[in-house]
Amino acid sequence: MFEQFKNWFESRHDYAKDWKERTGGKVIGYFCTYVPEEILYAADVLPVRCLGGHEPQDVTEPHIFGMFCPFCRDVLAQGLKDKFDYLDGITISQSCLHLRQAYTSWDMHKPVEFSYYLPMPHHVQSLASRPFLRSELVKFKEAVEKWTGKTLTDADLDRGIEIVNTNRRLLKQIFELRKADVPPLTGLEAMYLVLSSQMTDKREHNKALKELLDQLPGRKVEREIGERLMILGSENDDVPFTEMVEDVCGATFVIDDHCTGTRYFWNEVIPKEDRLQAIADRYVDRVPCPTKDWPKRLRVDHIKNLVEEYRVQGVIVVQQKFCDPHELDIPAIQQSLKDIDVPTLFLEFDVTAPLGPFRIRVEAFLEMMRQDDLF
Amino acid sequence: MITVGVDSGNKNTKAVVLKDGKVIGKSLILTGFDANESATKAYELALKDAGVTAADVAAVASTGVGRVEVKFAKDNVTEVGSAARGAKFLMPNVNTVIDLGAEEGRAIKLNPDGKIADFAVNEKCAAGAGSFVESMSRALQTTVEEMGPLSMKYSKEVPMNAQCVVFAESEVVSLIHQQTAKEDIARAVHDGISNRVSSMVRRVGMVDDLGLIGGPARNIGLVQSLKDDLAKDITVPEDPDYVSALGAAIYATEIA
């Protein structure tokens, strides 16, 4: 049932190359989920997210500081090693400086026909961010038009919005099902859904999601569910870690807060006469990344709501080593969860997670949660 | 009822035989390449020490990094779970347990009823654990046993910045070149570990009393540095290296 999504994720490069061949269209790599995919879909360009390869590498040292987060270095390595050699363009929206360095260095050493830096505002809690982002989207749209030679009409933008919104809606409907006592899908399966969505044509992805949604209500995860966990923090596409927690330790992830998870699709574009303003509003209003979640920390309440709605018993807080924005957030998030008696376990991720030591910690964490049943 | 706890550690494997709340036998051997083989050997030695046979044993539980490898154990318990049980058993007043091993360090906060409230483990680095003292003792041309008494004779505090065992060693070498007294360097090494461990303890939150277990607790110099750093008294039980194995033996009584 999930094979298709898993295959898309695992064979992302083959998929994109094949897509180019079949459609004759252009493919753009994006570094951050603040990039407005609606405009790219309107221009018939396929956006694919540049994620890391989870393999040790030795090519980024001259280009990026060793104490920048391992994810950014891993992403840059993919570019330098030509893993994404089929890209026609690359783009990033401003979120963190580490990732921007990965983009800048990629742009410098592996130039492609289109490269765009989108200054997504940080201060999304200010009203001024709305017209600011709108005017940046005007420029972005013009650049995309110039690149593709195609003028984007309101009808095109509507189509782009519809494709991406449908994807968000379907993913959210499927995630709703995880609230059940016995969810119809595991955390790993949910992870494949979102990750594959970031690297396939959403029209095909939507079709597959619809089919899945028809079958899911009758399905139940066959093993014991164990503890209902939430995972949150930095970018996370660490399949072996998720697999270990669920298959070896016997718990189940029922929800997450990652840009490779719910943060990516949680809210939709609300239609407006001014299409670009509607798109801008969506990105200003989305569940924020910690680079944008200040002066108020709005994400804390959002996380607490998810904990309640999905009846989460414990939270695993992960961060990519040296990820400053998340480092700034994590003490506050852990404290606020502690205040409502939800235990947390903090783990620091690298390009590859040390499964042995992590397993000991996760098991001790679960044991701590289970001790009330033991005695 | 007789139960046995086996603690398969990074460096040593320990076994404790428990009979009706009393330790009647124990053993400690180096963990070899085959954790199960070492565990079997430690188990047999501990039984011999206690003067009982395997037939007398109601249940065996394992703990430690190699706990899953111990095939003859009925069940296993995590290092945090066994340390908490063993420490509470020996030191009922202790609510914060510091457990130091060869390559890992842990701080565990307990509720008054002995249940685990929170814990922290050192990250991928041995600078807060026993191996650190061992490798520094080599650089100082002394033995790990001598490091404690040596550092108790220190006269000057020397700051050591390095948090990594490898870099710390080069820092020690440069201190030697600067003719720093051996006693002061030994103290600096213990202060270095103590800093790492203390931050972990502060992370989980300190609740009186404090107890220290694990092999490095035999090092009086390290204990002193920790006491000075945390400005607290710290209880060290007799035979601190067997506490986790004892905790596993207690766990075995729960599953027997």
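Remarks
- Residues (surrounded by 19 or more Cβ atoms within 10 Å (Cβ to Cβ) and farther than 24 Å from A:Arg178 by Cα) located in the range A:328-345: A:Asp329, A:Ile330
- Against the test of being surrounded by fewer than 18 Cβ atoms within 10 Å (Cβ to Cβ), in contact with a helix residue (DSSP H, G or I) (Cβ under 6 Å, 6 or more places away or on another chain) and not charged (D, E, K, R), the options B:Ile213, B:Ile220 yield a single qualifying residue, B:Ile220.
- Qualifying residues in the range B:103-117 (those that are closer than 12 Å to A:Glu367 by Cα and more than 18 Å from the chain's Cα centre (by Cα)) - the one farthest from the other protein chains (Cβ to nearest Cβ): B:Ala117
- Scope the range A:313-358; condition under 19 Å from A:Ser234 (Cβ atoms) and of a type in the set (Val, Ile, Thr); matching residues: A:Val315, A:Ile316, A:Val317, A:Val318, A:Ile330, A:Ile333, A:Thr344, A:Val351, A:Thr352
- Scanning the range A:264-302 for residues being within 30 Å of A:Glu227 (Cβ to Cβ), in contact (Cβ under 8 Å) with a residue 24 or more places away in the chain and over 16 Å from the mean Cα position of the chain (by Cα) gives a total of 5.
- Picking from residues in the range A:343-367 that are β-branched (Val, Ile, Thr) and more than 24 Å from A:Leu51 (Cβ to Cβ), the one that is nearest to the other protein chains (Cβ to nearest Cβ) is A:Ile360.
- Here the condition is being closer than 23 Å to B:Leu110 by Cβ and among the aliphatic types (A, V, I, L, M); of B:Met206, B:Met152, it holds for B:Met206 alone.
- Strands (runs of 3 or more DSSP E) completely within the range B:9-87 that count 1 or more residues being surrounded by 24 or more Cβ atoms within 10 Å (Cβ to Cβ) and in contact with an Asp or Glu (Cβ under 7 Å, 6 or more places away or on another chain): B:12-19, B:57-63
- Helices (runs of 4 or more DSSP H) lying entirely in the range A:213-293 (those with 2 or more residues that are closer than 30 Å to A:Leu118 by Cβ and among the acidic types (Asp, Glu)): A:275-285
- Condition check for A:Asp158: farther than 15 Å from A:Tyr264 by Cα and surrounded by fewer than 18 Cβ atoms within 10 Å (Cβ to Cβ): yes
- Set side by side, the residues A:Lys296, A:Lys338, A:Lys304 differ, and just one is assigned to a loop (DSSP other than H, G, I, E, B) and among the charged types (D, E, K, R), which is A:Lys296.
- Residue identified as β-branched (Val, Ile, Thr) and surrounded by fewer than 17 Cβ atoms within 10 Å (Cβ to Cβ) among A:Val112, A:Val59, A:Val124, A:Val48: A:Val59
- Among (1) without any contact (Cβ under 8 Å) to a residue 40 or more places away in the chain; (2) under 23 Å from A:Thr242 (Cα atoms) - the single one A:Ile333 does not satisfy: (1)
- Flag not set for A:Pro325, criterion: more than 26 Å from B:Asp113 (Cβ to Cβ) and surrounded by fewer than 18 Cβ atoms within 10 Å (Cβ to Cβ).
- Taking the criterion of being touching a Ser or Thr at 6+ places or on another chain (Cβ under 7 Å) and over 12 Å from B:Lys14 (Cβ atoms), the residues of the range B:27-46 that qualify are B:Gly32, B:Ala35.
- Note on the range B:48-76: among residues that are touching a Gly at 6+ places or on another chain (Cβ under 7 Å) and in contact (Cβ under 8 Å) with a residue 60 or more places away in the chain, the one that is farthest from the other protein chains (Cβ to nearest Cβ) is B:Ala61.
Where a number appears in this text, it was derived from the coordinates with a stated rule and is not lab data. The model shown is predicted, which means the values in this text are computed figures rather than measured ones. Cβ sites come from the backbone with ideal geometry, for glycine too, and all protein chains shown count toward neighbours.
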